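Worksheet: one structure, shown below.
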Amino acid sequence: MTLVSVTRLRLKSWYYLPAFAWYNLLSCWQIVNIDGFGGGKLIGDNGMVFWTVSAWKNQQAMQDYRNSGAHRQVMPMLQKWCNEAATVHWEQADDSLPDMENIYQCMVERGKFTRLLNPSPAHLAGTISQPVSSKAKALPLRPRKNRTLEIPESQA
């Protein structure tokens, strides 16, 4: 079984975009290098909405990522930077990444809303606006190959 994790964030102001972009870059570097990450994608939508979709070998691998490094550092800042934030997780038999329609449907049906300092009316109502396009701009994330140097036993 593969765990799929989806996050949807909406920045409340362009003012926060540079810092968000910086931490997003650091978090991307972190995610592709962590054990248990199977693949993912970042999706940008209109209205400063950003989706992250990731596949994991298990819940523990996802939590190890979430609770460490750049991701852990930025999570408290999102309460101030965002006026909408929600997450959803599910397990599936294969390791494929879902399409935008399935992502949206799962978020609407089972998404959990994050506590925010200045939530939007939509966030307070527990509603998620439909993505502008099912073919939204996506940046793929792939796990890096293990770069450890293996020394043949004959040379050890």
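A cut-off of 5 Å between modelled amide H atoms, ignoring neighbours fewer than 5 places along the same chain, links Cys82 with Lys12. Close Lys pairs in the chain (alpha-carbon distance under 30 Å; sequence gap of 8 or more, or different chains): 22. Normalised by the number of residues in the chain, the average gap of Cα pairs under 8 Å and 6 or more apart makes the relative contact order 34 percent. Annotation for Gln92 and Asp35: the two label points, set 7 Å from Cα along the Cα-Cβ direction, are 2.6 nm apart. Apolar share of the accessible surface for the chain: 53 percent from carbon plus sulfur atoms, 1.4 Å probe. Per-residue 3J(HN,Hα) values for the range 55-70, derived from phi via the Karplus relation 6.51 cos²θ - 1.76 cosθ + 1.60 with θ = phi - 60°, read 10, 10, 5, 6, 4, 4, 4, 5, 5, 4, 5, 4, 9, 9, x, 4 Hz in sequence order (x marks Gly and Pro). Per residue, the chain exposes an accessible area of 62 Å² to a 1.4 Å probe, with every protein chain left in place.
The values are calculated or read from the model by the stated rules, or taken from the named source; none is laboratory data. Keep in mind the model is a prediction, meaning the values are calculated, not measured. Positions of Cβ are generated from backbone atoms using ideal geometry, with glycine treated the same way; all protein chains shown enter the neighbour counts. Note: accessible area is taken over every heavy atom of the protein model, side chains too, but ligands, DNA and RNA are not part of it. Shrake-Rupley method; radii C 1.70, N 1.55, O 1.52, S 1.80 Å.
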